[in-house]
1. Looking at (1) out of contact with any Gly (no Cβ under 7 Å at 6 or more places or on another chain); (2) more than 9 Å from chain A (Cβ to nearest Cβ); (3) not β-branched (Val, Ile, Thr), find the lone condition where residue B:372 falls short.
2. Taking residue B:126 and the conditions (1) touching a residue at least 12 places away in the same chain (Cβ under 8 Å); (2) within 25 Å of residue B:215 (Cβ to Cβ), which numbered condition does it fall short on, given that it satisfies the others?
3. Which numbered condition trips up residue B:179, out of (1) away from chain A (no Cβ under 14 Å); (2) at negative phi; (3) touching a Leu at 6+ places or on another chain (Cβ under 6 Å); (4) in contact (Cβ under 8 Å) with a residue 60 or more places away in the chain?
4. Look at region B:315-324 and say how many of its residues are over 16 Å from residue A:267 (Cα atoms) and either surrounded by fewer than 24 Cβ atoms within 10 Å (Cβ to Cβ) or at the interface with another protein chain (Cβ under 8 Å from one of its Cβ atoms) (or both).
5. Filter region B:93-119 down to residues that are surrounded by fewer than 24 Cβ atoms within 10 Å (Cβ to Cβ) and more than 11 Å from chain A (Cβ to nearest Cβ) and give me whichever is nearest to the chain's Cα centre (by Cα).
6. Only one residue in A:211, A:229, A:215, A:195 is part of a helix (DSSP H, G or I) and under 28 Å from residue A:124 (Cα atoms). Which one?
7. Exactly one condition in (1) surrounded by fewer than 22 Cβ atoms within 10 Å (Cβ to Cβ); (2) in a loop (DSSP other than H, G, I, E, B); (3) in contact (Cβ under 8 Å) with a residue 24 or more places away in the chain is not met by residue A:169; state its number.
8. Among the residues of region A:67-92, write down those that are in a helix (DSSP H, G or I), facing chain B (nearest Cβ under 8 Å) and under 14 Å from residue A:270 (Cβ atoms).
There are 2 protein chains.
Amino acid sequence: MRVLSNARILTMDADLREIGQGWIALEDDRIAALGEGTPPAGRVEDMGGDLIMPGMVNPHCHLPMTLFRGLGEDVDDRLFRYILPLERALVTADVVEAGTRLAAVESIRGGVTTVADMYYFEDRVGAVLDAAGLRGVIGQTLADFAAPDHASMDEGFARLDALVDIYRDHPRITASAAPHAPYSTGPEVLRRVAEWSAAHPGLPVQMHLAETREELKWAEAEHGCSTVEVTDRAGLLTPALVAAHVMYPSEADIALMAERGISVAHNARSNGKAGRGIAPVTALRAAGIAVGLATDGPMSGNTLDLFAQFAPASMFQKIAGGSRKPLPCTDVIRMATIEGAGTLGMGDRIGSLEPGKQADLIRISLADPRLHPVYDIYSTLVFAALPCDVRATMVAGSWLMEDRQVATLDAGKALADALQIARAFKARIIEIDKVSQ
Amino acid sequence: MRVLSNARILTMDADLREIGQGWIALEDDRIAALGEGTPPAGRVEDMGGDLIMPGMVNPHCHLPMTLFRGLGEDVDDRLFRYILPLERALVTADVVEAGTRLAAVESIRGGVTTVADMYYFEDRVGAVLDAAGLRGVIGQTLADFAAPDHASMDEGFARLDALVDIYRDHPRITASAAPHAPYSTGPEVLRRVAEWSAAHPGLPVQMHLAETREELKWAEAEHGCSTVEVTDRAGLLTPALVAAHVMYPSEADIALMAERGISVAHNARSNGKAGRGIAPVTALRAAGIAVGLATDGPMSGNTLDLFAQFAPASMFQKIAGGSRKPLPCTDVIRMATIEGAGTLGMGDRIGSLEPGKQADLIRISLADPRLHPVYDIYSTLVFAALPCDVRATMVAGSWLMEDRQVATLDAGKALADALQIARAFKARIIEIDKVSQ
């Protein structure tokens, strides 16, 4: 038995139990026990008094889009001006793999242990996450507009089925269907995904939902109801669904989503940067909907660590509520761990440090003067800690990083490969900007 | 002559000149020249291809309040419940000195080279900033409520005059008057400060202004006008004034402030955490008012680096404007450097890298994979860079930090001393919480 000793432990269990001076015993990929005081006998690893908390869960991202990070910043029409043309012209399976590798390095270094991705060539995303040792939900995007990896919806579903086959019974990688959004796929595709979902219990469905005001107008004009209702009529509002953004639900929409048991991935920085306003996170959670903190793609939120989401998520709710009270620090960390795990249907396996759960955890150094004093460890994490404070990252009992050195991937090569691809992107951007001038 | 070579340079001059492969020649405390290509002869320091940009300017903070960081988080009535009782009971000159020392370590490590402080026992704040090598504006707070360092307004002004005497002709430390706010001091004190200011050209005045809705109500009820007008009638709206927060000015207030030439210190995180809404930064700047990014005290904003303000400041304006365009990345970095310098009347000496200016600059490593690709260096700085990327910090030609090691202060001792004081604070908090239960 391995024992992590001399640790300050944040369990994120139902009682938010904290252990000032504790230990965690590991058996293979699981937590066997944890406690205070003298550790049990075993192969001891001294945590040097550092903080141990559950690995963080990022329930909505587009990992390969690291390659687009910071591109078209502050530009309103960047989707049609840059993203779609670049994706059509340049996004291949190899590009996806390179982008995901850089994203995996960043996730591990930022203390994220589980990512739910939706993009293209997800078999390659899965292969990288597997090699990196991360836990992942890999979502085959299904889109009616020309996608880099499928020319028709039939082809998209064929890729999805292949994905299911490849990762059947994988201990860490889970296949998932990811229809792009109600307005971009339409009710027919949503219905087809709902059928697929019913036939594949345990596999999450990911979709952008109620993300833009244009989407609301589309639903009203085309279907005479809300975009949430369009999704419900197609049978897709089920506990399998993780809806990303959910910026503009009506009260009735919120009640309906709660009744159906769907979950939400909240992308504070992405929403804020797009000027879309403030998502009703407080109301969603008050209705009993699980809401996880997510990064969105690195072109939208620019980072893949959740520390960058903490302060914005909390401040947005405080601004909307006109008080310091909404979304207190404990809730922010809950959303980044156990509640985020719940959005992916994994709350019984990850998201808190409890006996029997997977050993997905991170070690955070509290050495930096910027973190002190610590009156409330949750406040320290939310408003002062940074990804560079994460010293080590473990998934399923294996260290993916120790002393800030990623063990499972060659970080230097990942960066060099990504930069080479970025050069081709830059050349294309220059052409685009020339044409549109 | 010293030469910093092999640097990527962001000058933040009027043309936002960037140099891909450049050098900066230093003569004593000043920049003698800078350019591209082969550096001139001299004592060369190789910057290893890192980014060099102007040191950042923090035009509103309460440095000694590092000791309160994270205290009373998410609690609405924390000012009267915690802060004022703790300040009255426990804030001495020694406590101020210890808190400032921790703050100086954090500022230097976060790439801030100039701080404008307002608190108590500012002679001690000045002494620490001087020893740390930082550039500072030290503001004697003038408050009608019982302050830790003066029992009457006469005593407060006597302290202010003493401060002026101590730091007269100091190359880096500037004395300043800091009336707390219009509602807490009243027009009589504002008038007295205005007289003092007229007699002390070149010394800034710092004040909280239009920070809360209660302040607007006070002004309307007591004076039948806005709090900005109360300040103007007292003669205090002058170019010497750096007004902090300015959350709720009317259109007429904005026009008046612009006409009078005052400046604003914007505290995005502090405002957001307090649930106060979004300050009209876009409108203030459109009116021609210089707006600097500031941290506020570490109890309100939790950090003393400006990186933590970048994304919130930009996102808030984008949300208020309903678009990606407001407050683009170049403007954010401008506000953190040259525009911030302007708020303190120092735009001719610091804030950009130009010949003849003070050598206040920072070296930023772009080594972390999380920062790449770099399509736009301003986007990288605003939405991906972190204080831990700052490798070295120089003020007036002297390195205050190299390779993340603070050279001018004992960071370990600063932290240990602060933690000892925090223990006394914690004991008092426990008593307060007991009594109020």
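1. Every condition holds for residue B:372 apart from (2).
2. It fails just one condition, (2).
3. Against the list (1) away from chain A (no Cβ under 14 Å); (2) at negative phi; (3) touching a Leu at 6+ places or on another chain (Cβ under 6 Å); (4) in contact (Cβ under 8 Å) with a residue 60 or more places away in the chain, residue B:179 comes up short only on (4).
4. Of all residues in region B:315-324, those over 16 Å from residue A:267 (Cα atoms) come to B:317, B:320-323.
Remaining after also requiring either surrounded by fewer than 24 Cβ atoms within 10 Å (Cβ to Cβ) or at the interface with another protein chain (Cβ under 8 Å from one of its Cβ atoms) (or both): B:320-323.
Of the residues in that region, 4 qualify.
5. So the residue we want is B:97.
6. Details: A:211 fails: part of a helix (DSSP H, G or I); A:229 fails: under 28 Å from residue A:124 (Cα atoms); A:215 fails: under 28 Å from residue A:124 (Cα atoms).
Only one candidate qualifies: A:195.
7. Going through (1) surrounded by fewer than 22 Cβ atoms within 10 Å (Cβ to Cβ); (2) in a loop (DSSP other than H, G, I, E, B); (3) in contact (Cβ under 8 Å) with a residue 24 or more places away in the chain one by one, residue A:169 breaks only (3).
8. To start, the set of residues in region A:67-92 that are in a helix (DSSP H, G or I) comprises A:67-68, A:78-90.
Restricting the remaining residues to those that are facing chain B (nearest Cβ under 8 Å) gives A:67, A:78.
Residue satisfying the conditions is A:78 alone.
The values are calculated or read from the model by the stated rules, or taken from the named source; none is laboratory data. Everything quoted here is computed from the prediction, not taken from an experiment. FYI the Cβ positions are ideal-geometry reconstructions off the backbone, even for glycines, and counts take in every protein chain you see.
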